[in-house]
Every structure is written in structure tokens, then in C-alpha cells.
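The values are calculated or read from the model by the stated rules, or taken from the named source; none is laboratory data. All figures in this text were calculated on a predicted structure; none of them were measured in a lab. Every residue, glycine as well, gets a Cβ built from its backbone with ideal geometry; the counts of neighbours run over all protein chains shown.
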Amino acid sequence: MLNEFQRPVSVDSAPNDSHCEWCGKPAERRLTAVGGTYHNEGGVFCQSCGEQFTQTVANSLLAGESMPVC
């Protein structure tokens with residue numbers, strides 16, 4: 001489970017009148033990847049594209065996790 005400091009994406013409000021970088025709809029939030037392959041990548045996104053961005057970042061972090069050594 002991820003706590004406040006282990007989230008894969010930082011979430012902030014999007015600037016007024018901004019548009020989603022992926023689809024062009026009005027943007028609702030500014031997202032920035034924290035760690036992993038996409039570290040410090042991000043932009044402003046609508047709700048659905050933001051969810052897709054967050055899932056992509058989370059999946060990349062899971063794929064990069066190593067197996068525990070017994």
C-alpha cells in the first residue's frame with residue numbers, strides 16, 4: 001500500500017484555461033511522475049487521461065521492482 005510519501009505521481013491543480021496534453025480537453029490537474037522510468041515527466045491532464053498517465057507510471061514502477069531475495 002502506498003502512503004502519502006510513496007505515491008508514484010504528484011498531483012496539483014492545473015492552471016486556469018489549460019488543456020490536456022493528450023486529448024485537448026480542459027485540464028483538471030497537473031501530474032508529475034515521482035521515481036521510476038518516468039521520473040519528473042508529466043503535464044496537465046483531463047480526468048481520464050490523468051488516470052491513464054498515473055496507471056502507466058504505476059505499472060512502470062511495478063515492472064521495475066526486483067524480486068525479493070530469500
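Tabulated results
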item: Contacts under 8 angstrom Cβ, first residue in the range 22-34 being under 10 Å from Q47 (Cα atoms), partner of a type in the set (A, V, I, L, M) and buried (at least 16 other Cβ atoms within 10 Å of the Cβ), 6 or more apart; result: A27/A14; A27/V44; E28/A14; R29/A14; R29/V44
item: Residue within the range 6-16 that is outside any strand (DSSP E or B), surrounded by 12 or more Cβ atoms within 10 Å (Cβ to Cβ) and at pLDDT 95 or above present; result: yes
item: Residue in the range 47-70 that is at pLDDT 85 or above, assigned to a loop (DSSP other than H, G, I, E, B) and surrounded by 15 or more Cβ atoms within 10 Å (Cβ to Cβ) present; result: no
